[in-house]
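The values are calculated or read from the model by the stated rules, or taken from the named source; none is laboratory data. On a predicted model such as this, the values are computed, not experimentally measured, just so you know. Cβ placement follows ideal geometry from the backbone for every residue including glycine, while neighbour counts extend to all protein chains displayed.
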Amino acid sequence: MSGTSLAGTIGKLKRPAQKSPVSFFEFWPDWLFYAPVVAFWTYNAIRYRSITLPSLANPRINAGGICGESKNAILGLAGPAARAWVADYIGLSVSGHVDGDDLGRALAAMQRAGLNFPVVAKPDMSCNGVGVRVVRDEAQLAAYLSGFPRGAELQLQALISYEGEAGIFYIRHPGEKTGRITSVTLKYPPVVVGDGRWNVKELIAADDRLNAISHLLLPKLGPKAAKIPSLGERVELVFVGNHCRGSTFKDGLSVVTPALSARIDEIMQAMPGVYFSRIDLRYRDLDALREGRDFKIIEFNGSGSEATHIWDPEMTLSRAYKDQFFHYGESFRIGAAFRKTGLKPIGPLKLLALWQHQKRLMRAYPTND
């Protein structure tokens, strides 16, 4: 790639300028920030006479995707028009005993699916990037499998080289011919660029945003923090584009065009029983994304999805809650429409058991990148 084209690509992906490195509520404790959301959910539960009604917003997903859903099962719903946009993957389970040939079975499955290293290894049931790791060879895959909970399901997915990462929220009501994009989050994982003199820790301190979230970054870096990158060398501080791991999230609704809307609707029409979902994807550049091309979907999330643009450092608290209430309100409205057809939401005790099962698994997964 020529210097000119490389500069153009980076220019299209670079993080937009921002007024403040963090919003004043961005790292509030969960119990504090989500208290109004819980109150809103409770209000709707009383209004619609069901606390688990959003489990019907995606009738083909276990519990609607509130929690405990299978990533492999959701991707397995994709018809041809959707599958063409999904990153290649395989699902498999770890044997119930330590001496099982997990590596051999995984390599054979990769060969059948045409997957080559590097791949992204991730739990089939998880959230917030827990347990996600880039696996670059057989030795790393063997180590990942050996540290995985016995009998649990996982996914191996092609590592997509596109630098851009986004979450696109899509909503369609039963009976509607087309759906709509209601939120776009552009994700920028933390990166430092070397100058040949400062180490990674010093480069973090010199960046307003990275310095403000250094408490999230430094504990995971270990010896890497003392490394002095060469001039122009880009050092990715985390792999998972997750807000709680330090990625910057920007409100990207302005990138939505008729072409992108049509493409996402085409994909979601080929996801039977999925009406309320945040689509996580990687894209080549913003121009391509606007034109609805050159991207790969990593996963579809369900009724527990959050419109993550609310974590834009320039977001106001009132707008964040307004957008949260809109999206969760939509999940209740869609669920109510499906209930009228005779479907029944998951029972509260069953949902609680799913959530507890997922939490137990998440505590046992290997550490993530």
Wholly within the range 224-311, strands (runs of 3 or more DSSP E) carrying at least 2 residues that are of a type outside the set (A, V, I, L, M, F, W, C) and farther than 20 Å from LYS201 by Cα: 248-251, 276-283, 295-301
Criterion (surrounded by 14 or more Cβ atoms within 10 Å (Cβ to Cβ), more than 28 Å from MET268 (Cα to Cα) and not aromatic (Phe, Trp, Tyr)) met by exactly one of LEU159, LEU145, LEU154, LEU115: LEU145
Number of the condition not met by GLU165 [criteria: (1) touching a strand residue (DSSP E or B) at 6+ places or on another chain (Cβ under 8 Å); (2) charged (D, E, K, R); (3) not in a strand (DSSP E or B)]: (3)
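Considering each residue of the range 15-68, count those that are among the polar types (S, T, N, Q) and over 22 Å from the mean Cα position of the chain (by Cα), and give that number.
Selection size over the range 15-68: 6.
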Flag for LYS250 being touching a strand residue (DSSP E or B) at 6+ places or on another chain (Cβ under 6 Å) and either touching a residue at least 60 places away in the same chain (Cβ under 8 Å) or not assigned by TED's automatic domain parsing to the domain that holds PHE27 (or both): yes
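Please verify whether PRO54 is crowded, with 16+ Cβ neighbours inside 10 Å and in a loop (DSSP other than H, G, I, E, B), treating the condition exactly as stated.
Criteria not met by PRO54.
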Residue among ALA73, ALA109 that alone is part of a helix (DSSP H, G or I), over 25 Å from GLY329 (Cα atoms), under 21 Å from the mean Cα position of the chain (by Cα) and at pLDDT 90 or above: ALA73
Odd one out for LYS359, checked against (1) in contact with a strand residue (DSSP E or B) (Cβ under 6 Å, 6 or more places away or on another chain); (2) farther than 14 Å from VAL184 by Cα: (1)
Filter pass, GLU236 being surrounded by fewer than 17 Cβ atoms within 10 Å (Cβ to Cβ), modelled with pLDDT under 95 and more than 13 Å from the chain's Cα centre (by Cα): yes
Filter result for ASP285 (buried (at least 16 other Cβ atoms within 10 Å of the Cβ), in the same structural domain as ILE171 (by TED's automatic domain parsing) and either touching a helix residue (DSSP H, G or I) at 6+ places or on another chain (Cβ under 7 Å) or at pLDDT 95 or above (or both)): yes
